[in-house]
């Protein structure tokens, strides 16, 4: 079975397990909120980000209010997410840049998204896929881990960009964004970093990890 054939089979089965693919971040369809929550999710759980952002967006609901807010206010609001000083500065600086350079709108292309403070390829792809429906591979920790276990990249490969490039070659563009959401779900539910639940796994025949155990 080629990698493309394996990916086709994996997509089909994950669709059956998770027919409703969606982002775990509760951004309510607001592009700015998804950008902020994506930044806060670095080394933090989506669950905590969702909780923290209830208060954050109550006080600073949009780009304009974030651009005008003292960075200390943002720091206090995002402190529970960790790395709060860097994240708060990124949020404020991104809000200022969006206001001054992008007419207060989230860009719809990779080059411009990467200009925003704190935005790397992972967040940019999340925005491109979820907001604009464009082909996008979000190489987060779950995607990276599972890509190795399914043999799409060498086991232990942890370079997000290398994983992204490898998956782009074998994933139908129209499936890429939803696939990444499903990989997150599957990685949390069953194919965990530690003690994955291999018994009864519905995609075990596609996995090379079992051969390494």
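Residue 8 fails exactly one of the following numbered conditions: (1) within 20 Å of the chain's Cα centre (by Cα); (2) surrounded by fewer than 19 Cβ atoms within 10 Å (Cβ to Cβ); (3) not assigned by TED's automatic domain parsing to the domain that holds residue 77. What is the number of that condition?
(1)
Would you be able to tell me the number of residues in the stretch 151-166 that are within 24 Å of residue 197 (Cα to Cα) and surrounded by 19 or more Cβ atoms within 10 Å (Cβ to Cβ)? Walk me through how you get there before you give the answer.
First, the residues of the stretch 151-166 that are within 24 Å of residue 197 (Cα to Cα): 151-158, 163.
From what is left, the residues that are surrounded by 19 or more Cβ atoms within 10 Å (Cβ to Cβ) are 152-153, 163.
Adding up the residues that qualify gives 3.
Just one of the numbered conditions (1) buried (at least 17 other Cβ atoms within 10 Å of the Cβ); (2) over 11 Å from residue 31 (Cβ atoms); (3) in contact (Cβ under 8 Å) with a residue 24 or more places away in the chain is not true of residue 133; which one?
Of the numbered conditions (1) buried (at least 17 other Cβ atoms within 10 Å of the Cβ); (2) over 11 Å from residue 31 (Cβ atoms); (3) in contact (Cβ under 8 Å) with a residue 24 or more places away in the chain, the odd one out for residue 133 is (1).
Tell me, which helices (runs of 4 or more DSSP H) wholly within the stretch 1-115 include 2 or more residues that are out of contact with any helix residue (DSSP H, G or I) (no Cβ under 6 Å at 6 or more places or on another chain) and within 30 Å of residue 151 (Cβ to Cβ)?
Once the helices (runs of 4 or more DSSP H) in the stretch 1-115 are filtered for at least 2 residues that are out of contact with any helix residue (DSSP H, G or I) (no Cβ under 6 Å at 6 or more places or on another chain) and within 30 Å of residue 151 (Cβ to Cβ), what remains is 3-17.
Which condition number does residue 125 fail, the rest of (1) part of a helix (DSSP H, G or I); (2) touching a helix residue (DSSP H, G or I) at 6+ places or on another chain (Cβ under 7 Å) being met?
Single failed check for residue 125: (2).
Having 2 or more residues that are under 17 Å from the mean Cα position of the chain (by Cα) and within 19 Å of residue 136 (Cα to Cα) is the bar; report the helices (runs of 4 or more DSSP H) wholly within the stretch 158-213 that clear it.
By residue number, 160-170, 176-189.
The values are calculated or read from the model by the stated rules, or taken from the named source; none is laboratory data. The structure presented is a predicted model; accordingly, all values stated were derived computationally and were not measured. Every residue, glycine among them, receives a Cβ derived from its backbone with ideal geometry; neighbour counts consider all protein chains shown.
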